[in-house]
Structures are given as C-alpha cells and as structure tokens.
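Structure first, then comments.
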Ligand SMILES: [Zn+2]
C-alpha cells in the first residue's frame with residue numbers, strides 16, 4: 001500500500017516540467033515511509049529513462065531496491081544516536097560534494113532526522129546551498145519544518161508529507177501487521193495521530209509490553225488497589241530503566257486521557273472511550289493533576305539516575321494517597 005502515491009506523482013510531474021530544485025525539505029516522521037519517499041526522489045533525480053523514475057533503468061532499479069547500498073551516487077546520512085547531527089558531518093559532505101558522480105550526472109545526498117541538526121551544522125549546510133554544485137541534489141528529511149533555520153527553509157523546496165487520515169493509517173497498519181489484534185491497531189491509530197512512525201513505534205514488542213503493563217497498573221489505580229498492590233506491579237518493571245520510563249510514559253498518557261474526559265478535552269488517545277468514562281467516574285480532576293505531577297517528577301528523577309526501586313515505591317505511595 002503506497003500511502004504517499006499522490007505526493008510521489010506530484011514530485012514526478014514537477015521533474016517532468018523541468019522544475020527540479022537543488023535542495024528539498026521532506027517533512028515527514030522518522031519512519032520507514034519517509035525514507036522510502038526520499039529514495040523514490042533519489043531514483044527520480046538519477047533516472048536515465050524517459051519518465052523519471054521509470055522504474056526500469058539500471059539506476060532506478062538500484063535506487064529503489066537498495067538505496068545507498070546499491071547505488072554509488074546515493075549518500076544517506078543519519079544523526080548520531082545521542083550527539084545529533086554534527087557540523088563535522090556537514091563539513092564531510094562539503095568535501096565530497098564537488099567530486100564527480102560515479103555513474104550518472106549527479107549525486108543525491110539524503111540527510112535523515114534533520115530536526116536533530118545543530119545550528120552550526122545548519123549554517124554549514126546553508127553555505128552549501130548558497131553555492132550548490134550542479135551535480136548534487138539534497139533531500140533533507142525532518143519531522144517538523146520549524147526545527148530548521150528560516151534561512152535553510154527559504155533555500156529549499158518544501159515537500160510536506162502531512163499526517164495520514166485515520167482510515168488510511170488503519171488500512172496501512174492492517175496490511176503491515178496482519179497478525180495484530182484489531183483493538184491494538186485501533187489503539188495505535190489513536191496514539192499515532194496520523195504519524196506512521198508513531199504508530200509503528202507503538203506496535204513494537206517493547207512498547208506493547210510497556211503499554212499493557214501501564215493499562216493493568218491504571219486499572220488497579222482506579223479500582224483503588226492500594227500502595228502495596230501498585231508497588232508490586234511497578235517494582236517488577238523498575239529494574240530496567242528504559243522499560244520503566246516507557247511504562248511511566250504510558251501511565252501518563254492513560255491518565256491524560258482520563259483528565260481530558262473530565263475537562264471535555266480531545267478524545268482519548270489510548271483508552272477505549274468506555275474505559276475513559278469509567279475511570280472519569282472513579283476519579284477527580286484534582287487527584288489526576290496530583291498523579292500527573294507525581295509521574296513527571298518520578299520520570300525526571302529517573303532521568304537524573306535516581307534509584308529505580310525507590311522511585312517506584314515513592315510514586316506508588318503518592319498515587320495511592322490521591
Ligand atoms: Zn529510471
């Protein structure tokens with residue numbers, strides 16, 4: 001299922017009209033589909049056939065089947081895990097950009113996750129855009145345009161992929177996750193708010209485990225299960241820091257759903273509407289605000305390396321008193 005077929009057709013039409021740009025900003029989430037779109041653009045820019053991307057020429061076949069691993073003129077850069085996108089990476093690109101392409105008449109540079117690009121890296125990129133070599137095209141993928149400097153934005157053509165409507169996203173997920181139960185896919189759609197990347201991250205096994213544990217924890221919380229029962233659940237998760245934080249993040253989202261049910265806010269993201277209503281009746285706004293405060297303090301404490309077991313115990317004591 002090609003969810004961005006329309007945007008791809010518009011891009012191909014633009015090239016056919018001779019309106020290619022030297023730099024594009026592809027605004028879409030960090031998921032596989034944005035990357036696939038960027039490779040489609042690279043294929044179109046490198047195509048040697050009649051209607052780019054023809055899908056048949058050697059260049060298209062390499063670009064569409066393997067991207068940078070098969071096509072020597074496609075270069076993909078990702079942000080480093082914690083450091084983001086450094087100015088050194090962009091300087092490296094500037095060194096190589098004036099070298100001739102290997103096969104065709106141009107090279108395509110794809111920069112993924114550009115929302116993590118430092119200001120100095122963006123300024124280095126800007127210099128590249130100011131004197132672009134004719135033989136290079138840039139596809140800058142970022143999840144939101146306002147993470148980029150206005151000067152960078154003004155020198156590139158923006159291609160917004162936009163959020164998907166719920167029906168399209170639901171059909172896409174059903175196609176990709178054929179064994180997933182319907183209620184899990186429904187929850188993924190509510191959680192994702194149109195973002196494929198968010199939906200996919202919700203459906204990972206680790207995320208599902210954290211979400212299920214958080215749902216059980218909330219059921220106990222709203223049934224006034226008491227500090228001991230809550231702590232028994234939370235402590236079993238507190239040994240793994242990342243997993244524990246993901247669990248707390250999901251508890252926060254569940255509680256926000258209930259708070260929104262109190263205030264007439266947006267429809268629930270994760271809870272089924274009937275559960276949101278049931279929990280609303282069993283809680284007060286004041287109690288929920290206190291619980292959300294306690295959760296965010298616990299997450300901040302964990303982020304600064306506090307002891308997981310102690311944090312879990314203190315949190316459950318506070319939650320049970322609300
Ligand atoms: Zn082609």
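Laboratory data are not the source of any read-out in this text; all were calculated from the coordinates shown. Keep in mind that this is a model prediction, so the values were computed, not measured. Don't worry about glycine lacking a Cβ; one is built from the backbone with ideal geometry, like all the others, and counts go over all protein chains shown.
One chain, two ends: residue 179 and residue 145. Fully extended at 0.36 nm per residue, the span grows by 8.7 nm beyond their Cα-Cα distance. Per residue, the convex hull spanned by the Cα atoms of segment 204-320 amounts to 91 cubic angstrom. Stretched out straight at 0.36 nm per residue, the stretch from residue 285 to residue 21 would grow longer than its current Cα-Cα span by 89.8 nm.
Helix 308-320 and the long axis of the chain differ in direction by around 60°, with both axes built from C-alpha atoms. With Rh defined as the Kirkwood radius, the inverse of the mean 1/r over Cα pairs, the Rg/Rh of segment 1-125 is 0.96. Grab the beta carbon distance between residue 51 and residue 5, set R0 = 22 Å, and tell me the FRET efficiency rounded to 0.05. Plugging the Cβ-Cβ distance into 1/(1 + (r/R0)^6) gives 0.90. Each helix, a run of at least 4 DSSP H residues, gives -39500 (n - 2.57); summed and divided by the residues of the chain, these come to -18000 deg cm²/dmol at 222 nm.
Working from the pairwise distances between different alpha carbons, so that the mean of 1/r is found and then inverted, what is segment 74-218's Kirkwood radius in Å? In segment 74-218 this quantity evaluates to 17.8 Å. Seen from all directions on average, the chain presents a Cα convex hull projection of 18.6 nm². Spin-label model, residue 119/residue 277: points 7 Å from Cα along the beta carbon direction are separated by 5.1 nm.
Once the Cβ-Cβ distance of residue 228 and residue 36 is raised to the sixth power relative to R0 = 51 Å, the FRET efficiency obtained is 0.55. Cα centroids of segment 61-137 and segment 140-195: how far apart, whole angstrom? With segment 61-137 and segment 140-195 each reduced to a Cα centre, they are spaced 23 Å. Using only Cα atoms, tell me the angle between helix 166-176 and the longest principal axis of the chain; keep it within 0 to 90° and round to the nearest 10. In the chain, helix 166-176 runs at an angle near 80 degrees to the longest axis.
Could you tell me the calculated FRET efficiency between residue 14 and residue 303, based on Cβ-Cβ distance and R0 = 51 angstrom, to the nearest 0.05?
Efficiency computed from Cβ-Cβ geometry: 0.70.
Taking the longest Cα principal axis of the chain as reference, the axis of helix 205-222 is set at about 30 degrees. The DSSP beta bridges internal to the chain are antiparallel in roughly 5% of cases. The alpha carbon radius of gyration of segment 252-322, expressed as a multiple of 2.2 N^0.38 Å, is 1.19.
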